[in-house]
Amino acid sequence: MTTTPSIQTHAAINVCKKANFLYYIHNFRGFAILAIVAHHVIISLEWKNSGIEDIVLLLIGNGSVYFVFIAGFLFQFLSSKYEYKSYSSPKSVVREEEVVRGFPCGKSLTIQIGLLYLFKKLQYVIAPYILVSLPAILLTVLESSLFSAPDWFITKFSGWPLAGQIVMYLLTGSLLSQFWFIPMITIFYLVSPLLIWVDRHPRFYWILPALLVITAIVPRPEESNAIQSFLHFASIYVGGMFCSHYREKLLPLIQKRYLLFLSLVVLLSGLQYWFKPDLETFNSLAKLVLSLLIMCFLWAKESQLPQIFNRSMGFVAELSFGIYFLHEYFIVLLPGVEKRLGLNNFPTKANLLSFLLNYLVVLGASIGTILIIKKILGKNSRFLVGC
């Protein structure tokens, strides 16, 4: 007699978890990593016409905005769902929303929760980042033709001892084109208590317009600069939090005003193309509005999208961090493979066919490598490739 309520309780919890799973955000994460890989493949190609390259990058580039937006959205969404155990009382379970309001265990438990959050990020983001960076660092130190430090890094740090240069490779994420993101997102992790406080006092979301102005004023840096990147993308991250907090009201509003938001994307994209010296400023704002439209579309059409789309996007989303970590290695290796196959530079020339071939090879190789690693390491693969 006593087992039935327990089973029902667990079943109810599982149903609740399933109901709270945001499939449209999960699908969006899959789309985001596909856009990021596409951007990096595009910039690896040799373009004869810079104007065409600008248009292609305007439409496809800067997919990192999607990633940052989703990160902020999920940070807010998950912050009220987690339960934490007190170190001093293992049997007691305290909801995070009680902790941040100053209930039962006060500041000491809040600090413990913050440290636990950072420890998890250290395990599943920072540790894979360091491990995946090591081959590129080693090849750079050995002066391989595959990897070399960018000119700005050589100018600033070439006189440093080798150990110091290696530390700066990690702090700047300068060897692989996507790794600037990790030092920047680490700053968001460090200020997470402040971000949670803002979310628990939502009137302070009025800071968002000021952050949008900062995004417009502070461009995305050409060099790896975590602080400048943080300032540029702060509005994107907090915007994701805001959208999660008010999603029940915001999504129907966007659906009703879809054309207005789409017009804003076109306007910002036009400004971006006109003011070429500062492409990323308008691009980031345009991609933020486009993030709202993509999110709304995936939300509104969730039940109408074919299962193959949901399964494909869900599959890619599950592997998104691993794809993010690994894909640049395969982009770097492609020219060498091309030479061995005697393809006469075809894969690096910019056209639709070469783009599709490069894209499919890079994406397929990344996914295949991740699946092999997961097969060998099981759950421990998260420490190596983040998924």
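The values are calculated or read from the model by the stated rules, or taken from the named source; none is laboratory data. These figures come from a predicted structure and were not determined experimentally. Note that we place each Cβ from the backbone using ideal geometry, even for glycine, and neighbour counts take in every protein chain shown.
Given the structure, is Val361 modelled with pLDDT of 90 or more, over 21 Å from the mean Cα position of the chain (by Cα) and surrounded by 11 or more Cβ atoms within 10 Å (Cβ to Cβ)?
yes
Out of Thr369, Thr348, report the one residue that is over 19 Å from the mean Cα position of the chain (by Cα), among the hydroxyl-bearing types (Ser, Thr, Tyr) and modelled with pLDDT of 90 or more.
The match here is Thr369.
Looking at region 3-41 only, could you name the residues that are surrounded by fewer than 19 Cβ atoms within 10 Å (Cβ to Cβ), modelled with pLDDT of 50 or more and among the polar types (S, T, N, Q)?
Of everything in region 3-41, just one residue is surrounded by fewer than 19 Cβ atoms within 10 Å (Cβ to Cβ), modelled with pLDDT of 50 or more and among the polar types (S, T, N, Q), namely Asn20.
Please enumerate the residues belonging to region 149-190 that are loosely packed, with under 14 Cβ neighbours inside 10 Å and part of a loop (DSSP other than H, G, I, E, B).
Passing the criteria: Ser158, Gly159, Trp160, Pro161.
When you check Leu231 against the structure, is it more than 17 Å from Thr186 (Cα to Cα), in a helix (DSSP H, G or I) and either out of contact with any strand residue (DSSP E or B) (no Cβ under 8 Å at 6 or more places or on another chain) or not acidic (Asp, Glu) (or both), yes or no?
For Leu231, the condition - more than 17 Å from Thr186 (Cα to Cα), in a helix (DSSP H, G or I) and either out of contact with any strand residue (DSSP E or B) (no Cβ under 8 Å at 6 or more places or on another chain) or not acidic (Asp, Glu) (or both) - is not met.
Name every residue in region 220-257 that is modelled with pLDDT of 90 or more and exposed (fewer than 15 other Cβ atoms within 10 Å of the Cβ), in order of residue number.
Ile227, Tyr246, Glu248, Lys249, Pro252, Leu253, Gln255, Lys256, Arg257
Tally time: how many residues in region 292-319 are assigned to a helix (DSSP H, G or I), touching a residue at least 24 places away in the same chain (Cβ under 8 Å) and closer than 19 Å to Phe261 by Cβ?
8
Residues to consider are Ile214, Ile154; find the one that is modelled with pLDDT under 90, β-branched (Val, Ile, Thr) and either under 21 Å from the mean Cα position of the chain (by Cα) or farther than 26 Å from Leu384 by Cβ (or both).
None of the others qualify; the one that does is Ile154.
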